[in-house]
Amino acid sequence: MSTSPARSRRSPGRPAITSTDEILDAAERVGLDRLTRAEVAQVLGVSAATIRHHVDSTDRLYSLACARAFGRLQLDSDSKSWQDYLRTLGQRFAELVTATPGLEDYVLRGPYEERTLDQFERIMNEVLLRKPEFDRATAHLLGSRTLIISAALHTPARNRYPDSQYPKPDTLSAVVSWTLDAFLVGAETMIDSGLVPAVVPTPDASWTHISDH
């Protein structure tokens with residue numbers, strides 16, 4: 001007697017996953033700082049094998065989800081000077097990282113998805129648009145360090161503080177602004193003095209890292 005081939009089961013009435021976007025939505029709901037394929041599968045009510053069919057590893061799932069989240073960073077600005085542009089960018093990134101814990105590790109360490117490299121390139125171009133005298137290496141240095149500083153200053157999780165000691169949002173925003181200003185003022189002085197370290201002039205997997213050459 002012939003038998004029908006076994007079929008995978010899913011909850012009655014639940015539609016099959018049709019796109020990677022659904023998986024990335026679930027990844028953000030799980031949290032980029034605690035992401036696993038098993039957790040994503042549980043959120044979606046499917047098997048881990050279904051997730052694996054769309055995304056071949058947890059590391060790739062993390063990078064794809066982070067790249068999409070980083071893509072929400074608004075890069076355009078009415079700022080006239082390169083300092084004001086980077087100050088605005090830093091504030092925006094600090095807010096994005098606060099709302100998306102785990103994103104900072106991706107931006108600081110990579111490896112990066114192509115869309116993220118395109119954003120890094122855009123940041124350098126925005127700096128050069130406002131200061132054509134800079135070379136790409138200097139624009140690279142300023143853009144990458146601005147993101148590093150902003151990531152380091154993102155709002156800690158509330159449960160790390162007793163309620164009475166948790167910093168107020170206005171205080172945290174002021175700290176980010178002050179630190180960015182201190183960096184930008186110091187950077188301008190050092191650049192004017194010709195003190196610019198060698199950096200990788202094109203965004204790549206080490207975009208936030210200083211190069212020895």
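The values are calculated or read from the model by the stated rules, or taken from the named source; none is laboratory data. What you see is a predicted model, and the numbers here were worked out from it, not measured in a lab. Don't worry about glycine lacking a Cβ; one is built from the backbone with ideal geometry, like all the others, and counts go over all protein chains shown. Ligands, DNA and RNA are excluded from the accessible area calculation, which covers all protein heavy atoms including side chains. Shrake-Rupley method; radii C 1.70, N 1.55, O 1.52, S 1.80 Å.
Some notes on this structure:
- Full-extension gain in nm, residue 38 to residue 192, via 0.36 nm per residue minus C-alpha separation: 50.2 nm
- Ordering 106, 62 by accessible surface, largest first, gives 62, 106; the 1.4 Å probe counts only protein heavy atoms, with every chain in place.
- Along region 43-49 the Karplus relation, 6.51 cos²θ - 1.76 cosθ + 1.60 evaluated at θ = phi - 60°, assigns HN-Hα couplings of 4, 8, x, 10, 7, 4, 5 Hz to successive residues, with x for each Gly and Pro.
- Global form of region 46-147, assessed from the alpha-carbon gyration tensor, a/c cut-off 1.5: prolate
- Loop trypsin sites (Lys or Arg not before Pro), region 47-98, which have at most 13 other Cβ atoms in a 10 Å radius of their Cβ (DSSP): 72, 80
- Taking 0.36 nm per residue of sequence separation and removing the Cα-Cα distance, the residue 52/residue 80 pair yields an extension gain of 5.4 nm.
- Accessible surface, region 37-131, averaged per residue in Å² (probe 1.4 Å): 47 Å²
- Couplings for region 180-189, taken from phi via the Karplus curve 6.51 cos²θ - 1.76 cosθ + 1.60 with θ = phi - 60°, read 4, 4, 4, 5, 5, 5, x, 4, 4, 4 Hz in order; Gly and Pro are left as x.
- Across region 70-87, computed HN-Hα scalar couplings (Karplus, 6.51 cos²θ - 1.76 cosθ + 1.60, θ = phi - 60°) run 5, x, 7, 5, 6, 9, 7, 6, 7, 4, 8, 9, 5, 5, 5, 4, 5, 4 Hz from first to last residue, x flagging Gly and Pro.
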